[in-house]
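S.K.: Have a look at this one before I ask anything.
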Amino acid sequence: MQKKILIADDEADIVSMLASFFESKGYCVLRAANGTETLKQVEYDPDIILLDINMPHMNGLEICRRIRDHISCPILFLTARLEDTDKVNGFAAGGDDYIVKPFSLLELEARVEAHLRRETRHSFEAQIRFSGDLIIDYAERCLFFSGKRLGLARKEFDIVELLSQNPGQVFDRERIYEHIWGYDSEGTAVL
């Protein structure tokens, strides 16, 4: 699936250069030239954001603070600011990386890919649930108890998945049939 990258910078030449580079690498590129445009482009749910700090209407630090509670994707600051306090402010605002201009396109690409790989790993981690000695791996559709893999049929795992993702909720036999087998199934099989 094509990754979306938002490039927010008030320097049109930088946006154009970065957009051409990342489009050639297969990314879908969203562009913004100021704070207001950046907030509008964030609505398109980018996978990663390259954000300049010095922009009109709203600086990158303020944008980062405003969107961080709603956006979990990596935010990489691109800036000419060199001071350590600027870097600390960038990280404190919710940034994930800080890249000083001028920068190498190859290094920028490597950092973008590293952040996206980390996001992919986190999404897989979210598909695992731990409960004492029980581990449920939703991505692999398997169960482990005390380190040993338990063999489950497809429908058995579907039932475990339904119950584990709805803790505290009681399901009668008919509701389980509806969720697992569908509405048209017979309700006479033994669980």
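S.K.: Just reorder 133, 158 by solvent-accessible area, largest first, 1.4 Å probe, all chains present.
M.R.: The ordering from most to least exposed comes out as 133, 158.
S.K.: Report the FRET efficiency, 1/(1 + (r/R0)^6), for residue 83 and residue 36, where r is their Cβ-Cβ distance and R0 is 22 Å, rounded to 0.05.
M.R.: 0.25
S.K.: Something else: Sort 154, 117, 141 by accessible area with a 1.4 Å probe, largest first.
M.R.: Largest to smallest exposure gives the sequence 154, 117, 141.
S.K.: If you take every DSSP beta bridge whose two residues both sit in the chain, what share of them, in percent to the nearest 5, is antiparallel?
M.R.: 40 percent
S.K.: With θ taken as phi - 60° and the coefficients 6.51, -1.76 and 1.60, list the Karplus ³J(HN,Hα) couplings across region 15-27 in order, rounded to whole Hz; mark glycine and proline as x.
M.R.: Whole-Hz 3J(HN,Hα) from phi for region 15-27: 4, 4, 4, 5, 4, 4, 4, 6, 5, 5, 8, x, 7.
S.K.: I want to verify a result. In a Gaussian network model of the chain, Cα cutoff 10 Å, which of these has the top mean-square fluctuation: 89, 166, 34?
M.R.: Looking only at 89, 166, 34, the largest GNM fluctuation is found for 166.
S.K.: Among 96, 137, 84, determine the one that fluctuates most according to a GNM of the chain built with springs between C-alpha atoms less than 10 Å apart.
M.R.: 84
S.K.: On the full set of protein chains, 1.4 Å probe, figure out the accessible area of residue 134 and give it in Å² to the nearest 10.
M.R.: In the full protein context, residue 134 sits at about 50 Å².
S.K.: Could you give the dipole magnitude of the chain about its Cα centre, charging the beta-carbon of Lys and Arg +1 and that of Asp and Glu -1, in debye to the nearest 20?
M.R.: Dipole magnitude for the chain comes out near 400 debye.
S.K.: At a Förster radius of 22 Å, what calculated FRET efficiency corresponds to the Cβ-Cβ distance of residue 110 and residue 11, to the nearest 0.05?
M.R.: My answer for the efficiency is 0.50.
S.K.: Sticking with this structure for a sec: Ranked by accessible surface with a 1.4 Å probe, highest first, in what order do 65, 175, 149 come?
M.R.: So the residues, ranked largest to smallest area, are 149, 65, 175.
S.K.: If you don't mind, there's one more thing I want to ask. Taking the chain as a Gaussian network, Cα atoms linked when under 10 Å apart, which of 95, 60, 132 shows the biggest mean-square fluctuation?
M.R.: 132
S.K.: Please identify the longest segment of the chain free of exposed chymotrypsin sites (Phe, Trp or Tyr not before Pro), where exposed means a DSSP state other than H, G, I, E or B and no more than 10 other Cβ atoms within 10 Å.
M.R.: Segment 45-182 is the longest.
S.K.: Assign unit charges at the C-beta atoms only (+1 for Lys and Arg, -1 for Asp and Glu), then state the dipole size of region 1-88 relative to its Cα centre in Debye, rounded to the nearest 20.
M.R.: 280 debye
S.K.: How much accessible surface does residue 143 have with a 1.4 Å probe, in Å² rounded to 10?
M.R.: Here the residue's solvent-accessible area equals roughly 10 Å².
S.K.: Considering the chain, what Rg and Dmax in Å follow from its alpha-carbon atoms?
M.R.: 22.9, 71
The values are calculated or read from the model by the stated rules, or taken from the named source; none is laboratory data. Model, not experiment: these values are computed from the prediction. Quick reminder, even Gly has a Cβ in these numbers, built from the backbone with ideal geometry, and neighbours come from all protein chains shown. The area values use the complete protein model at the heavy-atom level, side chains included, leaving out ligands, DNA and RNA. Shrake-Rupley method; radii C 1.70, N 1.55, O 1.52, S 1.80 Å.
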